[in-house]
Each structure stands twice: as structure tokens, then as C-alpha cells.
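Student: Structure in C-alpha cells, see below.
The values are calculated or read from the model by the stated rules, or taken from the named source; none is laboratory data. Just so it is clear, the model here is predicted, and its values are computed rather than measured. A quick note on method: Cβ atoms are made from the backbone with ideal geometry, for glycine too, and the neighbour counts reach across all protein chains shown. The accessibility values were calculated without ligands, DNA or RNA, using every heavy atom of the protein model including side chains. Shrake-Rupley method; radii C 1.70, N 1.55, O 1.52, S 1.80 Å.
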Amino acid sequence: METLQEEKISDQKTIIKLQQDLISKKNEELGEVSKTVEAGLKTYSSALQQSCTTALSPRNIAAAVKTVTQEEDRSRELVLFGVTEESEERVTSVVTKVLEQINEKPQVKQCRRIGKPNATATRPIIFSVRSTDVAHQILKKAKLLRDIEGYKTVYISPNRTREERVARQKLNLETNLEEYYCELSDAAAENKKLKSECALEVVDLQRDVVKLQRELLSEKEKQLSDLRATVVASVEDKVKAEFKSYSSVVQKTQLPSPVIAPSTLKSVVRTVVEEGDRSRSVMVFGLEEKKDEKLRDMVSELLLELNEKPKMEVTRIGSSTWKTRPVKVTIGSSVIAREILRKSKQLKNTAKFKTMYISPDRTIEQREEHKTLVLELKRRQADEPNKRH
């Protein structure tokens, strides 16, 4: 028990010693801070005393009084802009007349135009009133002049120093620039909005066009279907009637049924097939023949001049000893082939294909007959040049 008490007493003594050391250290730091503060106060006191001595010198006091007096005088002075300058004018009367327009009749003095006389510009008028309050009242009402006929270009402003005028010009410029940028931003936003609206309108119009095209296509298909049904029905009725009539005639004549030879039937079928193929083919003459030529591309380019892009098969026909062999072009439809033949006259008006021509795919007999007709036409044109053949 006694040992425990002794340990506690020893710990308390150690704590007390540490606290005393800490207090001693803090006192030393406070002493250093106090010395620093005293040195700083001495320096500040010396500078303050020197400044006061300089500021309270007679010259500085006179300059300060002059500045205050000038500012006080300037606060009672106003500048009038935009009044036409006339020879031998009474400036005081001019100022009084302008102020009467805004219901102000102050006592004005020291009225004069400022600046050098200029034949192309009107000099402003500077004048003074009795107090700053009167000057503020006039400035407050000066905006009324813009609504009075004959005074819309006249305005009144304070008598500012050069520095104040420069600062005001800079502020006005910054304000104008800010307004300009705001207008540009608004215009850009409006332009973007209009573009978006136009794009939406274009999309809506395109949808309407597509809808109308679909409706038109549907109506055309319906009409075509009705026409096809009508034609088929009419053909069936006509065939039935003809067949019935033929049967009646056959029964009346009571002739033995003719027997068609297989070779004759094959010949007839071959002729029909060939005529069907020829109706879907055209012949191109004058298309230059080259080694390793891309014939399909050459024919496609020629037909493109006629605004035609059909699916086709192309081949040159005739002996390879010919200088330029003709090209046979087989197309999927006889209707397209006839359309190409109808447009073929347009080639003579082109620079690249004016020496080429397109003709039907004729048989030998048809070519001979056509040749005879051409010769006959040339003979008649020679005999009767003034007559149309």
C-alpha cells in the first residue's frame, strides 16, 4: 500500500516538473513574440509619422483642397449635346429653352461652348447650376427630350473628367459587345431551332409523299388487276365463241381431221420462239471493236445516253474479219426493246455516239426487204427532193 502511494507521488512530481518546463518554454516564446511586435510597431510608427508629415505638408493640403473644390464645381456642371450652333447666339438663352422643355427653370451661369469652332460639327455647351441636387434633377428628367419633337437628338450628361470619359467609353463598349454576343447567341439558338423545325417538316413531308405513293401504287395495282381480269374474261369469252363457231363449222363440213407432221409443228414452234427472241433484241452498229474490250460496259454507257438501264446480254455477231462487227443486245422485255428503238434517234445529237445507230434484230428476209425499201426511199428523195417521203 505504501509502495503504491510512493509511486503516485513520484508520478505527480514528474508531471509537475514537466508542466514547469512547458511554462518556462512558453514564457520564452512570448518574450520573442513581444520583441518582434515592438520592433514592428516602431517601424510602423516611424512610417506613419513620415506619411503624416508628407501628407500634411502645405503643398499636399493645397492640392487636396483644389481637387475637392474642382469635384464640387464639376458636380454642379452639366454638358448639353446636339444643339445647333448659330452665329451670334446667346448660349444662356439656348440652355434655358432646352431646360424649359423638361419643366426645369434653374438659374444657369457660366454657359459657353467648349472646343474649337468646326463647320462640320456642333460643339457641346457646358453650364453650371446652383447646387448638386438641381443638377441631379435635370439629369433625371433629361431622358424626356428623346420624346419631344425637335429635341430627339439633344441630350444632357454630367461634366466628366477625361479619365471618367475613357472609363465610360470602355464600359459602353463592353456592354455593347456583351449585348452583341447575346444577340449572336440568341440568333444561333433560333437558327438551330429553325433548322430542327425544318428538318422535322421535311421528314413529315417525306412521310406524306411516301404514303401518297403507296396509296397511288395500291390504286394502280387495283386498276391493273381489274383490267387484267377484264381482259382475261374477254379473251376467254372470245376464244370460247370462236372455238364454238369453229367446232360448228367442222361438224358441218364433216371433213377428216388434218394431221400435222411433227417436223412442221417443230418448224412453227421454232419460228414463234425466234420471233419472240428477236422482239426482245436490238442490234447496235458502229460500236468500235477493241481487243480485250468490256463490251457490256460499252453498251451500258451507250444506253445510259438514252436514260435506259436494262438487264441485258450482249455479244458481237458476224465474221471476225469484219472491221467492226455489230453487237446483239438481248433484253428481258420487248417493251423495253421498243422503247430503246424509239429513243435511238437521240444518239445523233451526242458527241460520242453520233456515228452509231440501233436497229431491230431482223431476219435475213426482213433485212433484204428493209434494204429494198431504203433504196426505194433514197431514189424517191433524189427524184423529188422537195417532197416529203
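Student: Answer yes or no as to whether D186 is acidic (D, E) and either under 27 Å from Q107 (Cβ atoms) or in contact with a Leu (Cβ under 8 Å, 6 or more places away or on another chain) (or both).
Tutor: no
Student: Would you please name the residue that is surrounded by the fewest Cβ atoms within 10 Å (Cβ to Cβ), looking only at residues in region 85-143 that are small (G, A, S) and either part of a strand (DSSP E or B) or touching a residue at least 24 places away in the same chain (Cβ under 8 Å) (or both)?
Tutor: Applying the filter and picking the extreme gives S131.
Student: Okay, moving on. Quick check, is V209 open to solvent by less than 80 Å² (accessible area, probe 1.4 Å), under 16 Å from the mean Cα position of the chain (by Cα) and of a type in the set (V, I, T)?
Tutor: The answer is no for V209.
Student: Determine if region 301-320 includes at least one residue that is touching a Ser or Thr at 6+ places or on another chain (Cβ under 8 Å) and touching a residue at least 40 places away in the same chain (Cβ under 8 Å).
Tutor: Yes: region 301-320 contains one or more residues that are touching a Ser or Thr at 6+ places or on another chain (Cβ under 8 Å) and touching a residue at least 40 places away in the same chain (Cβ under 8 Å).
Student: Inspect region 160-178 for any residue being in contact with a strand residue (DSSP E or B) (Cβ under 6 Å, 6 or more places away or on another chain) and within 23 Å of T84 (Cα to Cα) and give the result as yes or no.
Tutor: Looking through region 160-178, none of the residues is in contact with a strand residue (DSSP E or B) (Cβ under 6 Å, 6 or more places away or on another chain) and within 23 Å of T84 (Cα to Cα).
Student: Do you know which residues across region 126-146 are closer than 9 Å to L78 by Cβ and within 56 Å of the chain's Cα centre (by Cα)?
Tutor: Quick first cut of region 126-146, residues closer than 9 Å to L78 by Cβ only: 126-129, 135, 138-139, 142.
Correct list: I126, F127, A135, I138, L139, A142.
Student: Same structure, new question: For K195, only one of the following conditions fails: (1) among the basic types (K, R); (2) open to solvent by 70 Å² or more (accessible area, probe 1.4 Å); (3) assigned to a loop (DSSP other than H, G, I, E, B). What is its number?
Tutor: (3)
Residue-by-condition table, conditions (1) modelled with pLDDT under 70; (2) within 60 Å of the chain's Cα centre (by Cα); (3) hydroxyl-bearing (S, T, Y); (4) farther than 30 Å from Q137 by Cβ:
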site	(1), (2), (3), (4)
E28	no, no, no, yes
L41	no, no, no, yes
S46	no, no, yes, yes
S51	yes, no, yes, yes
P58	no, no, no, yes
R74	no, yes, no, no
